[in-house]
Structures are given as C-alpha cells and as structure tokens.
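First the structure, in the form of structure tokens, and then the observations on it.
Values quoted throughout were computed directly from the atomic coordinates according to the rules given, and no laboratory measurement underlies them. Small disclaimer: the values here were computed from a predicted structure and weren't measured. Cβ coordinates were reconstructed from backbone atoms using ideal geometry, including for glycine residues, and neighbour counts include every protein chain displayed.
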Number of protein chains: 2
Amino acid sequence: MNNHLKDNSTESIDSKETLRRLPLFSELSIEDLRKVTSFSRVKKFQKNDFLFHQGDFYTGFYILLKGTIKVYKVSSDGKEAVVHIIKPLNSFADIPLFEGTDYPVTAKCLEESLVLCISKEGFLELIYENPEISLRMLAGFAKRLKAMVNQVEDLTSKEIPNRLAKYILKEIKTAGTEKLAEPFVKLSVPKTTIAAYLGTITETLSRSLKKLQDEGVIRVNGKSIFVNDIKRLKDLAK
Amino acid sequence: MNNHLKDNSTESIDSKETLRRLPLFSELSIEDLRKVTSFSRVKKFQKNDFLFHQGDFYTGFYILLKGTIKVYKVSSDGKEAVVHIIKPLNSFADIPLFEGTDYPVTAKCLEESLVLCISKEGFLELIYENPEISLRMLAGFAKRLKAMVNQVEDLTSKEIPNRLAKYILKEIKTAGTEKLAEPFVKLSVPKTTIAAYLGTITETLSRSLKKLQDEGVIRVNGKSIFVNDIKRLKDLAK
DNA sequence: TAACAAACCTGACTTAAGTCAAGGAAATTA
DNA sequence: TAATTTCCTTGACTTAAGTCAGGTTTGTTA
C-alpha cells in the first residue's frame, strides 16, 4: 500500500535545462537555478505507484515531467473523487505550501512517470528572495482557479453526455488533432478514472459514449475516440 | 439591466483604517496605503444592482466590506450556476488580474453592499513593488483553490441532503452559534440562490430541508434554521 | 501461452433529482 | 393597506443516473 518510497529511483537532474523549460523557473539566473537543483530531485515512478497519500505529512510539491498522475480524494464511504488528471509540465500539491496542512489529496501514477519533487522549505526561501516567482505562481493559480470555476459550473449545470463532450474536446485539443478531417485521441487514462473525473461511474460513462456514438458524433474503438462531427460535439459541450 | 453604473455612490475612503483591516494590505507602509487609496474607491450598491456582467471589459477587482454578493455564470440555456456567495472581507474578480480576460462571471448584490473597487493597473504596479503582497495573494488563492477542490469533491460524490448539511454547518460556524445548545443561522440569501450554489433547484432544496427536519436534525422557520442534532448534521456532511 | 485480474460493457431494475403545475407566504411598491 | 411581485412549498409525474448482476474483452504475469 505505502509504496511511495520503494521502487522509484532518484535521478540526477539533467542539467539546468529541464528547469529552464518550466514556466515557473524560466526567468531565473544561473545561480538561482543552481539553488533550485539543490532542493529538488527528479524521481521516476512506476505505474500504480503512489506519490503521496491524503493525510501524509507535507514535504513539498511536484512538477510532472513525463507521464500521467491521478490526483483524487477518497471519501468516508470509499468512493474516489478525481480532482485532477495531471499532464506533463503541470505542477500539483502546491496549495499546501501556503496552507500549512498535510497532503489533502492522494496522487497515483497512471503510467510510468517522471516528476520533479521540490522541497517546501527550499522553495519558500527562494520565493521570498525572488518575488517574480510568486507572480508566476499567481498566474498559475489564477489559471487553475479559472479551470475549477468552470468545472464547478459544468458539474452543477450539465448532464453527463455534455460533460463528456467537453472532455473529449479538450483531449482532442491537447492531442493536436483538432484541425484534421477526423480528429481523434487515444485516452491515456482508464475509463473508470475519466468517469470519476466527470462525477459519474463507469456504467454511465459507457452508456454516454455509446449514446454519442449512436448519434453519429463520435466513433469509439477501445481507448481511441474518433470525432465524426466536431460541430455537433462543440455544440453539446457548450 | 445594465445598471452597474447608475444608482451607486462613490464614497471617500474612511481614512486608511479600512484598508489596514484587510489581510491583503495589513502590512503596508503609510505611503503605500496612500497609493492604494489613489487607485481604489469605496462604492455603495443597492440590492439587485450589478457590479459587472460576464463579458464586460475588465477594469479591476473588488473587496467586499459590507453586504452579500452573488457571483455566478449564466449558461447558454439561461441557467444560473452560482460559483461563490461572497461575504465581507473576501475579494472577488481577482483572477482576471493575471489572466488578461474580460470578467468571466457576473456579480450581483443580494442586499445593500459596500465594496472596495481596486483598479487593475494601479494594483499590478503596487504588487511589482511590494512582493509581500503577492505572497498574501498567493495565500488567498491557495485557500480558495482548496475550497474549490472541496466543492468539486462534494458535487461529484455527495447527494443533495449531504451537501445541504455541509452548507448549514458552514453557515452555523460563520454565524458563531456553533457552541450553543441550539445552534442557528438566519440565511442571508434567497433559497433559490442556495439551491443554485448547491447544484440543484429550489424544489429539491425545499424537499431536502423538509427531509432533514422530518429526521429531527434541524428545524426550519422561514429564513431561520435551528440545529437540533449537530452530531447528526456533521455526520451527514462528511 | 495459459491463467488471472483488471477494465469494460450490457441489461433489468431502483432511486434521486428534475419538470410541470398550482397555491400560499413574504416582501416590495403603490 | 392593498396590490403586485418575488419567493417558497407541495404534489404528481418523468427522466437521468445509480445499483446490481452477468458476461466479455483486454492486459499482465507466471
């Protein structure tokens, strides 16, 4: 269960180039970048590894370099509410930096993943000395707040096929196939996880996918989704 | 409709004391406080006045000094999704400061309200010169992100009576009557708004209130809610 | 490659919550 | 105070989504 300490190797940071590519650190001087390397580590995790559990003592936050991470809460009755599906270059578990709490969520790898682990103390020191980082961080938080506001709006006012349409559309966009004659995505996460992210269960997701398919909007083949009628899909999503 | 410019008077800031009481500005020097007064205004709004509409050109953010504000989104089919119910000392519409967008939501007064309006340009200048403000702002954003994560969890995994229980509990806490033999609140917002905030409709809210009452958990009298069994209520909320 | 376990799908059924319609209470305005 | 509007409640009904149970497919591991 508590396998977030075994089974993952610490790799030395491949120079400061990795850091430079991250929006958060892109403007730092060489010295500051060196500082960052002193309190951060790149770690590799295997599929199904836990990075941390809800309630663990807070030690720092993460930036995903490669792979996919599921961030979720487990309620008292054992149900998983998926809060975020993290993709590369996004940070997570950075809220407790400023809240002084334990990890409020659980993070689990959905595939082999590479993450940058950044220690709380080191980072807070850095941020006090480099205010421009806090501005970047503010921008990042603002973006996420906006996304969360949208998520709340969707959850309160949209039915599941509509939320699904929106999800597929977003996936198509990040896959970069939006402009093709037949846009498509290969889902990188199990449908159970997508269901929990959309606030439903697999059965309902399965039926919603079928519904969209029957209506000629999409075509589903295992983990691949092909969009036949993107206009219709956009209409459902809004 | 567009009455956010008429009908509200601009009042001169009652010295710097108002600002000092706000967490965001509490550590500023006298000179900086004077600066803040130069690009901010206290305004009074009447019940049902709009502060801004979704899509309006962004000019700045707000801190509520007195009253209650409903922050919501209107979807294409005309439904209102209430995103926040703002209480005094909380700021709102600060996300677009860092996102460069128009107002993404609409803000409407639920009662006569006093707000501090802070201009985007002035504030951004100030924040560049006073990094400690950005740290306070980060703390504020972190707190809200955490609240939004909770909100998403509730919306995805809890039924309406449970969400309602949680809402009542929060209201009891802010009312400060939690420790009394019979904790109570007087709801400061119409039930329609509470319903939209909980992701449902008035009818269902009405029935959920009745259900909690029939189970002996609460007693409802118009806008007042009395808690008979706070243990039970807490249990429902978690 | 066989064997096992996840993940996924489908059908029959139940239930929570939404819709529609009507009437009553409360608050606002005349 | 009466009149009007907004807010709230209740009942009968519909529908979306959840539950339960079975079976299939897919993917892992031995």
Charge dipole of the protein assembly as shown about the Cα centre (unit charges at C-beta), most positive-ward option of B:Thr177, A:Asn90, B:Pro96: B:Thr177
Inter-part distance where the range B:202-232 and the range B:114-134 are each reduced to a Cα centre, Å: 42 Å
Relative contact order computed over chain A (Cα-Cα under 8 Å; 6+ residues apart), in percent: 18 percent
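Show me the helices of chain A, taken as full DSSP H stretches, that run 27 Å or more along their long axis by Cα and average 0.0 or above in Kyte-Doolittle hydropathy.
Details: long enough: A:131-157 (39 Å, 0.06).
Going by DSSP H runs, the hits are A:131-157.
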Sequence-distant residues sharing a close amide H with B:Phe61 (under 5 Å, placed H): B:Ile118, B:Lys120
Highest-MSF residue in chain B out of B:Leu135, B:Leu89, B:Leu65 [GNM, Cα springs under 10 Å]: B:Leu135
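What's the Kirkwood radius of the range B:116-159 in Å, using all Cα pairs? Before the final figure, lay out each step's value.
Numbers: mean 1/r = 0.0802 Å⁻¹.
For the range B:116-159, the Kirkwood estimate is 12.5 Å.
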Of B:Ser188, B:Ser40, B:Ser157, the one that fluctuates the most in a GNM where chain B has Cα springs shorter than 10 Å: B:Ser157
Alpha-carbon centroids, the range A:139-194 and the range B:29-65: separation in whole Å: 34 Å
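Considering all alpha-carbon pairs of the protein assembly as shown, what whole percent are spaced by more than 40 angstrom?
Numbers: 28969 of 113050 pairs.
Everything past 40 Å amounts to 26 percent.
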Set A:Lys191/B:Lys173; A:Lys35/B:Lys16; A:Lys79/B:Lys166; A:Lys43/A:Lys238 screened for pairs whose C-alpha atoms are more than 29 Å apart: A:Lys191/B:Lys173; A:Lys35/B:Lys16; A:Lys43/A:Lys238
Translational diffusion coefficient (Stokes-Einstein; Kirkwood radius from C-alpha pairs) of the range B:10-155 at 20 °C, 1.002 mPa s, in µm²/s: 134 µm²/s
Exposure proxy order (Cβ contacts within 10 Å, fewest to most) of A:Glu27, A:Glu121: A:Glu121, A:Glu27
Radius of gyration and maximum dimension Dmax of the range A:158-237, Cα, Å: 11.3, 31
